Each structure stands twice: as structure tokens, then as C-alpha cells.
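Student: Quick one: the structure is below, questions incoming.
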Amino acid sequence: MTLCIGWTDSDAVYLTADSAVTVGPRALRNDYSSFGEKQPTSSIGNVEESALKIFRHQDTAATFAGDVSPINGIFANYVQSSRFLSPREAFDVAWMSSHTGGRLEALFVYHDSAGPHLVKYGPLNNVGDEATTACIGSLPAENREYIRSFVQNMPPQASITDRVVGTICITQRLAIFFNLMESHGIGGLVAGCSVSKSGLQWTPDTMHVILRGQLADQLSNDGLNVVVTCARFDTLFVCNNLTGGYSGFTSRFGINTGLGYKEMVEHMLVNKDQLPPISTNLKVDYIVFHDVTTELSTIFNVRAGGDRVLKYWLVQEAVTRRLHVHFTASGSGYATLNRRSSGDGGDIAFVAY
């Protein structure tokens, strides 16, 4: 299954999607996802982290949940129709002509002279319905209400990229704290983007640091504690402290339109120097701490002032060559990181600078 979230405010429209996919029985590339979830296997199929579910065309995007078989056809038809029609009209035409009325939902986002737009499509409607907040995929009603409440109460001072990271954090927490791959088919790396008058922007470079009940450097590399995510050339990349190298998730659209699989891989390899270096020189835009004991998450924008209340640096171990992340927090950073309940700052808190 899938969990996709979309919402709008006056500045932009936001879209996120997990990367877990249910596939037939086959050998897993890894027993665990990049965020440490055990990837379930059975005689009838596996659930594994293996897909970028946000499809891009120029400054528009869509994501889908349900029957995967018609998805590429729908989006390819949209790309063709958009040569002659407005984004909304083109996606309506593609949906009507390509979806079969089966178990499939979609969220479509774009920005025009009237502002940001989120449109939801379902199996029973031939055209989409405009929405301010929408979720599709495998999630109980009470969790949908929690998501709606969170995005509608984003801090007013939060930037567009702050809001993208916050929305990603909603779903990423499920992977870190609750491991819903087996029960709901949700998990793995979460992709996200925003669409505003400035165009489509993918998620900023982000480091997720997993704390285990103490506000201190997590020095042990015996367990998963650091995950780095980034987006380059319409591809989402992820690396953790146990693997040491990037894995990439992409689609046949966006910058890859018209390319075959081999050409897509070759393009990634040629441009791999654009990825943040997994070294002591690593710098990111955001650091998100997740405390597995309190189940609280804390977001620092370290490129827009957060470096005043959070310092971080990487040290490489001489023998294993693995990297350790060290940090020190002060002021509002320390106070927010050290909160013990969701009552003060919420389950997800942005640090005030």
C-alpha cells in the first residue's frame, strides 16, 4: 500500500509519498529499509522500499495509491495532453481516458495565476475535486485527522521548505517509531516536494538523527542512527550509517522522460558528484532528531539560523572508516530537543531561532 499527503496554503501546495511497494515473491536486496524497518517477506509477496511515487512534469506533480498497473499510462497521457491543455484539464483528460474505475486514487498538484492547487481523484469520479488537505492510501480515519490538524497548524513563521520537511516528518516518523510495513504496507524513504510561484522544489538535503532516550551524541555504529536524504535530477537518494553509500529512487518522468533504464542509470553515475559527500565535509539544510523513547521529532533548519542553537560535525573512525555524527545544542535548541512530552511543542516541533 501507500501513504500520500497533499495540502495547500496561500504560498504553495505540498506533496509527500512513502516508498514502500508490495511486490511478488523475490529475493530482497536488503532485509531492512534505509530507516531500519524489517521488510516483510512471504510466499505470496514482499513489502519493500523501492519506488519514487511522486511523478514530475515541469512544475506539476502527481502521486497515486492503489492498483499500480495504469499509473504510468495515466501520467504519460497527462504529459501528452499538457502540450495543448492547462494542467488541470490535461490531468482530467488523462484520468478519464486511462483509469479503469478500479482501486486507484491520485493527488495532483500545480500552481497558476490563481495560486496553488491540490486536486484529488478517486475510483468513482471521472474528474478531480479541489481540496485543501487530502490523504490517500492505507491509513485509519483518526490518523488522517491527525495529519489534517498538523498541517493546518504549521507555525506561521515556517518557510515553504520548513513545511515540506514537516510534512515529510509526519510519515517518516511511522517508519522510525512504528514500522507499519507489515501491517499497512507503509514505510521506507519519504519523498516530498512543494509547488509555488517559483516552481517545483524537491525536499532539501536532510539528516535524520535517531536518538535513544538521551540528549547526547549517538556514538555507537552498532545500530542505525543517522540517515541522509537528498534530491538531485528528479531522483531521491538515501544513505545511512550502516550502508555508507547512496541508494536512488526515480521514475521515467521529469528529467528522465524518453530515457531507457540503462540511460537513467548512466546519467546518475555521471552526475554522482552532485550528491552531498558522505564524509567529514557533509553539510545539509535540515537536521531532524527523532527520539524513539519519547516518540518526539525536532526540526532544525541549519541553513537559516538553526546553526546558532545547534552545532554538528562528523568524525571518521580510523579502522572502520565509518562516520560518527556529533552535535551540541543550546538555548531554544536544547530546550526543544529536551522536551519530554508532546504537550510542549507537539509530536513534531520546529526550533525557534
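Student: Please calculate how many Å² of accessible area region 244-353 carries per residue, with a 1.4 Å probe and no DNA, RNA or ligand atoms counted.
Tutor: 53 Å²
Student: Mind listing which trypsin sites (Lys or Arg not before Pro) in region 78-136 are in a DSSP loop and have 14 or fewer other Cβ atoms within 10 Å?
Tutor: Passing sites in region 78-136 are ARG83, ARG103.
Student: Given q = 0.12, 0.17, 0.20 Å⁻¹, what are the Debye log10 I(q)/I(0) values for region 223-353, with equal point scatterers placed on the Cα positions and solvent ignored?
Tutor: Calculated log10 I(q)/I(0) at the listed q: -0.59, -0.99, -1.16.
Student: Show the residues, 5+ positions off or on another chain, whose built amide H is closer than 5 Å to the amide H of TYR110.
Tutor: When sequence neighbours closer than 5 places are left aside, the close amide H contacts are HIS117.
Student: Given a 1.4 Å probe and every protein chain left where it sits, what share in percent of the accessible area of the chain is carbon and sulfur?
Tutor: On the chain, the fraction of accessible area on carbon and sulfur atoms equals 51 percent.
Student: With θ taken as phi - 60° and the coefficients 6.51, -1.76 and 1.60, list the Karplus ³J(HN,Hα) couplings across region 238-244 in order, rounded to whole Hz; mark glycine and proline as x.
Tutor: Once rounded to whole Hz, the list reads 8, 8, 10, 5, 8, 8, x.
Student: Shifting gears a bit: Which trypsin sites (Lys or Arg not before Pro) does region 1-51 hold that lie in a coil by DSSP with at most 14 other beta carbons within 10 Å? Before the final figure, lay out the partial values.
Tutor: Numbers: sites: ARG26, ARG29, LYS38; in loops: ARG26, ARG29.
Taking region 1-51 and a limit of 14 other Cβ atoms within 10 Å, the loop trypsin sites (Lys or Arg not before Pro) found are ARG26, ARG29.
Student: I've got another one for you. How much length is gained if the chain between GLU295 and SER43 is pulled fully straight, taking 0.36 nm per residue apart and subtracting their Cα-Cα distance, in nm to one decimal?
Tutor: Gain on stretching GLU295 to SER43: 87.4 nm.
Student: Treating each Cα of the chain as an identical point scatterer and ignoring solvent, apply the Debye formula and state log10 I(q)/I(0) at q = 0.13 Å⁻¹.
Tutor: Taken in order of the listed q values, log10 I(q)/I(0) reads -1.03.
Student: Same structure, new question: Please calculate how many Å² of accessible area region 1-70 carries per residue, with a 1.4 Å probe and no DNA, RNA or ligand atoms counted.
Tutor: Per residue, region 1-70 has 40 Å² of solvent-accessible surface.
Student: Oh, and also: Using just the helices of the chain, give the 222 nm mean residue ellipticity in deg cm²/dmol: DSSP H runs with n ≥ 4 each add -39,500 (n - 2.57), and the total is spread over all residues, rounded to 500.
Tutor: Helix-only estimate at 222 nm: -6000 deg cm²/dmol.
Student: Can you give me the solvent accessible area of ASP347 with a 1.4 Å probe, rounded to the nearest 10 Å²?
Tutor: 40 Å²
Student: Work out from phi, with θ = phi - 60° and the Karplus expression 6.51 cos²θ - 1.76 cosθ + 1.60, the ³J(HN,Hα) of each residue of region 28-39, listed in order in whole Hz, and give x for Gly and Pro.
Tutor: Computed from phi, the couplings for region 28-39 are 6, 6, 9, 6, 10, 6, 5, 9, x, 7, 5, 8 Hz.
Student: Please list, in chain and number order, the residues 5+ apart from VAL351 or on another chain whose amide H is under 5 Å from its amide H, with Hs placed from the backbone.
Tutor: ILE299, ASN301
Student: When ranked by the protection proxy of mean other Cβ atoms within 10 Å per residue, highest first, what sequence do the peptides 291-299, 271-279, 308-316, 163-171 form?
Tutor: Ranked by mean Cβ neighbours within 10 Å, highest first: 163-171, 291-299, 308-316, 271-279.
Student: According to the Kirkwood expression over distinct Cα-Cα pairs, how big is the hydrodynamic radius of region 248-318, in Å?
Tutor: Hydrodynamic radius (Kirkwood, Cα pairs) of region 248-318 is 15.6 Å.
Student: No solvent, one uniform scatterer per C-alpha: report log10 I(q)/I(0) for region 1-152 via the Debye equation at q = 0.14 1/Å, two decimals.
Tutor: -0.72
Student: Between region 36-70 and region 75-98, how far is it from one alpha carbon centroid to the other, in angstrom?
Tutor: 22 Å
Student: In nm, to one decimal, how far is the THR132 label point from the ASP273 one, both placed 7 Å along Cα→Cβ?
Tutor: Label-label distance for THR132 and ASP273, simple model: 4.8 nm.
The values are calculated or read from the model by the stated rules, or taken from the named source; none is laboratory data. Values in this document were obtained by computation on a predicted structure and should not be read as measured data. FYI the Cβ positions are ideal-geometry reconstructions off the backbone, even for glycines, and counts take in every protein chain you see. The protein model used for the area step is the full one, side chains on, heavy atoms only, and it has no ligands, DNA or RNA in it. Shrake-Rupley method; radii C 1.70, N 1.55, O 1.52, S 1.80 Å.
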